[in-house]
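Have a look at the structure below, then the notes.
The values are calculated or read from the model by the stated rules, or taken from the named source; none is laboratory data. The model shown is predicted, which means the values in this text are computed figures rather than measured ones. Heads up, the Cβs are rebuilt from the backbone with ideal geometry, glycines too, and the neighbour counts pull from every protein chain shown.
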């Protein structure tokens, strides 16, 4: 009787072991398949503004609210910088720049190169506190008014009012950044 119970226990344990082995083999096979799939996938980052208001686009134009949302998306990528984030943010922005305007592309590349050098030299980090946006939907431009806060490592900070203008280009149903410039009050008064 005791031998019969022991043999039944051994059979039960053997069945459990076999089920466990099959589950492990299936898990390993699915892991290998998922790994191969991930290795063969190319990553493409698409920047989509988090819409806070109604927006519309047509074949040739966009709404002012859509321009505002895109500007609000690009401003942190362009102005909220520190030494560790410049390269990543540069890559994100330059992937969504209009290539039809080579001068604007060159200026943005120079902007990030100068920023990297300056930020590393002064242990600088900046944050732009947006206060107001003015859009011109016909010209596809947005002016951003706010405070630019600069922190110089442990040596203090500086806060100054700043005005930036972003120009966009509507190409094949995509709103691409064309130009990014800092404006002075004199530039605005002279217009």
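Condition first: surrounded by fewer than 11 Cβ atoms within 10 Å (Cβ to Cβ), at positive phi and at pLDDT 85 or above. Now tell me which residues in the stretch 132-158 satisfy that.
Those that are surrounded by fewer than 11 Cβ atoms within 10 Å (Cβ to Cβ), at positive phi and at pLDDT 85 or above: none in the stretch 132-158.
Which ones in the stretch 159-191 are surrounded by fewer than 17 Cβ atoms within 10 Å (Cβ to Cβ) and within 16 Å of residue 81 (Cβ to Cβ)?
Selection gives 159, 160, 182.
Could you say which residue among 142, 149 is touching a helix residue (DSSP H, G or I) at 6+ places or on another chain (Cβ under 9 Å) and in the same structural domain as residue 97 (by TED's automatic domain parsing)?
Within the list 142, 149, the selection yields 142.
Quick test of your reading of the structure: residue 100 fulfils all but one of (1) in a loop (DSSP other than H, G, I, E, B); (2) free of Cβ contacts under 8 Å to residues at least 24 places away in the same chain. Name the failing condition by number.
Of (1) in a loop (DSSP other than H, G, I, E, B); (2) free of Cβ contacts under 8 Å to residues at least 24 places away in the same chain, only one is false for residue 100: (2).
If a residue has to be under 15 Å from residue 70 (Cα atoms) and free of Cβ contacts under 8 Å to residues at least 60 places away in the same chain to count, how many in the stretch 146-173 make the cut?
1
Inspect the stretch 126-137 for any residue being out of contact with any helix residue (DSSP H, G or I) (no Cβ under 9 Å at 6 or more places or on another chain) and assigned to a helix (DSSP H, G or I) and give the result as yes or no.
No, there is no match, as no residue in the stretch 126-137 is out of contact with any helix residue (DSSP H, G or I) (no Cβ under 9 Å at 6 or more places or on another chain) and assigned to a helix (DSSP H, G or I).
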